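First up is the structure itself, then whatever we jot down about it.
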Amino acid sequence: KGQPTFGFTVNWSFSDSITVFTGQCFVDENGKEELRTMWLLRSHVDKIKDDWKATSCAIPYHSAVSMIKEAVSSGSAVSGGTLLCQGDEHPGEKKTSKKKDKATMSCLGESRRHIKPCNLTGWWENDLGSKMQVFKVGKDGTFSGEYHTAVSSTKKPIQLSPLTGSQHLDEDGQCTFGFTVNWKKFSDSTAVFVGQCFNRDDGKEVLHTSWLLREKVGWESDNWKATRDNGDFQGQYLTRVTLSGGCAQISPLRGTQQQIGEEGWPTFAFTVRWDKFSN
Ligand code: BTN
């Protein structure tokens, strides 16, 4: 029978990166325990334009095609969501849109406009309307807080859920971070988020995050369908042929795939921008 789901963050002491793991423990009929996990690794990037390459992941149904993928691109990245900072005050009730989660949150708090270093402490909101409050970040980079998700895969009423995490603050005041949300008050699942805080030119702070949601399954054979991401992906494409016959360059791609179905063959689409060498 399936055991509880879990998530944790590793704040690497020898690097600027942060990894979040999410998974479930299984015990077979001989009592042998096995942890099935997935992870997201967030690396530090200096500029917001490099955000696309900052997160890598290990997801079984992605790695199943990784040999083909690596033949045409170098590395993979998962896009996530955006969280906007609401400042230190509770943002109160606001109109929320039901758009797909872009996993990015930005700072709208007036008090933050002139502060250069990113500060996770405060209220953040994403484009789903989910709100998160990060309490004071400790000297060792650890923090706790509360997450109020606007959406859920369960039918039970949504409840405020505790989060714990860890951040790296570098000398520029930028930070990568990871945190785990435990939804136990209304769901058997666990979510992990990993991301980086950016200061935009207009003074707003934005968190670019990627998430994995681990649901509980009863049997190890169902493990393949237990972890969700938002289905967006980014990568690079090196074409072997060009219309002009000129020299091709590695070009960025962005795409989206459907949630993996029972058949295990999700459909997908992606767009490649060739503007580095072609119109
Ligand atoms: C559940 O449905 O089992 C628990 C709630 C999950 C909410 C997810 S976590 C990632 C995404 N971003 C949000 O703000 N909410 C959803």
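The table below gives the values:
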{"quantity": "Inter-label distance for TRP224 and PHE186, nm, one decimal - labels placed 7 Å from Cα along Cα-to-Cβ", "calculated": "3.2"}
{"quantity": "Magnitude of the charge dipole, region 114-210, Cβ model with Lys/Arg +1 and Asp/Glu -1, debye to 20", "calculated": "540"}
{"quantity": "Out-of-range pairs (alpha-carbon distance over 20 Å; input LYS131/LYS216; LYS155/LYS216; LYS139/LYS204; LYS155/LYS185)", "calculated": "LYS131/LYS216; LYS139/LYS204"}
{"quantity": "Distance violations [Cα-Cα > 25 Å] among LYS184/LYS225; LYS156/LYS225; LYS136/LYS184", "calculated": "none"}
{"quantity": "Region 149-208: trypsin sites (Lys or Arg not before Pro) falling in loop per DSSP and having at most 12 other Cβ within 10 Å", "calculated": "LYS155, LYS185, ARG200"}
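Bear in mind that the values in this text are calculations on the coordinates, not laboratory data. Quick caveat: nothing in here was measured; it's all calculated off a predicted structure. Note that we place each Cβ from the backbone using ideal geometry, even for glycine, and neighbour counts take in every protein chain shown.
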